[in-house]
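Worksheet: the structure to be examined is printed underneath.
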């Protein structure tokens, strides 16, 4: 099992200098404490929510301030950039870091796309064309292209990546269709929807099956699955769980970038988190038409009260249930180990924590990184060493 951190570089106040300095300090500590990777988003126009528009710049610093941790583009929004420029920037970071880059790709959402002058209807085709071009740029002495969106006469493109033939390729995925597309193209899945492991397990199995017959877009198949969740490790189990749950709910709160354009978002989040817990189903029973019930949760349901009731149930979703289902990896070290094991049991290769948010301060993040490094990560690295010996 691999462990990584995700960075939005959130900033409740517009102090760019502080968020950059704190982020660098956290990443340096994560390197020292045994985390396998840090992943940085690319977002634009999301004032206060995200301050990470150009990961390659901060990676330039981290390539020299860290020694072993991998640097993940999580993700490059391919429709925004000429593929030549993407290939050059990613390769340069790979050279500077001596081969520590992971190349995540995506296409963002309409609010950002239209701000960049991109027609959202074109982004899927643009992503596919760029994704096809970039590995060829990296592995060709002389590259040329005549496509729908980009045309390149014969040119030599440098530098080439340090990793041969090129860095691992991933895609950000929020739905089953993208999981399967990743498998067909032989690239890794970054499941960024914050799901309970039990919800993702059948999709992971389907991905593993389909990728056996992949036609890789790159020079090799990257058969890896990353699951994203919120994480926080503290000495007081209840306080750590409550803080992490508050961080999660603030992130997906009304009007936030990840929910503002979605329909029935809170009903979907309830489904992603494993369904309505029994105690909440009882509390809201007059509003819920239960079609199927499991021992742990109502997994199929209709909310006769509509989105307002779904939001109310979502608000009351308790921290203990979120932790026990692995939606958050939070609490004391024992609790965190138990939650990570839920992900491990589904076949996940890497669990990614969004830890540094507007809810959780810098010193709290530093303490949590330290506790993961001292108590949680070793439990899985030792187990992996015994298993392979």
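The values are calculated or read from the model by the stated rules, or taken from the named source; none is laboratory data. Everything numeric here is computed off the predicted structure, so don't read it as measured data. Cβ atoms come from the backbone with ideal geometry, glycine included; neighbour counts cover every protein chain shown.
When you check residue 79 against the structure, is it assigned by TED's automatic domain parsing to the domain that holds residue 362 and in a helix (DSSP H, G or I), yes or no?
Answer is yes for this residue.
Conditions first: (1) outside the structural domain of residue 284 (by TED's automatic domain parsing); (2) in a helix (DSSP H, G or I); (3) touching a helix residue (DSSP H, G or I) at 6+ places or on another chain (Cβ under 7 Å). Residue 368 passes all but one, so which condition is the exception?
With (1) outside the structural domain of residue 284 (by TED's automatic domain parsing); (2) in a helix (DSSP H, G or I); (3) touching a helix residue (DSSP H, G or I) at 6+ places or on another chain (Cβ under 7 Å) applied to residue 368, the lone miss is (3).
Which of the residues that make up region 10-47 are part of a loop (DSSP other than H, G, I, E, B), under 21 Å from residue 228 (Cβ atoms) and within 20 Å of the chain's Cα centre (by Cα)?
Once the filter is applied, which keeps residues that are part of a loop (DSSP other than H, G, I, E, B), under 21 Å from residue 228 (Cβ atoms) and within 20 Å of the chain's Cα centre (by Cα), region 10-47 yields 10, 11, 34, 35, 36, 41, 42, 43, 44, 46.
Hey, any hits in region 60-70 for a residue that's part of a helix (DSSP H, G or I), touching a helix residue (DSSP H, G or I) at 6+ places or on another chain (Cβ under 6 Å), assigned by TED's automatic domain parsing to the domain that holds residue 167 and over 21 Å from residue 162 (Cβ atoms)?
no
Between a residue in region 1-21 that is assigned by TED's automatic domain parsing to the domain that holds residue 101 and any residue that is loosely packed, with under 12 Cβ neighbours inside 10 Å, which pairs come within a Cβ distance under 8 Å, given they are 6 or more apart or on different chains?
10/48; 11/48; 12/48; 13/48; 14/47; 14/48
Surrounded by fewer than 22 Cβ atoms within 10 Å (Cβ to Cβ), in contact with a strand residue (DSSP E or B) (Cβ under 6 Å, 6 or more places away or on another chain) and at pLDDT 95 or above - does that describe any residue in region 360-372?
Looking for residues that are surrounded by fewer than 22 Cβ atoms within 10 Å (Cβ to Cβ), in contact with a strand residue (DSSP E or B) (Cβ under 6 Å, 6 or more places away or on another chain) and at pLDDT 95 or above, one finds at least one in region 360-372, hence yes.
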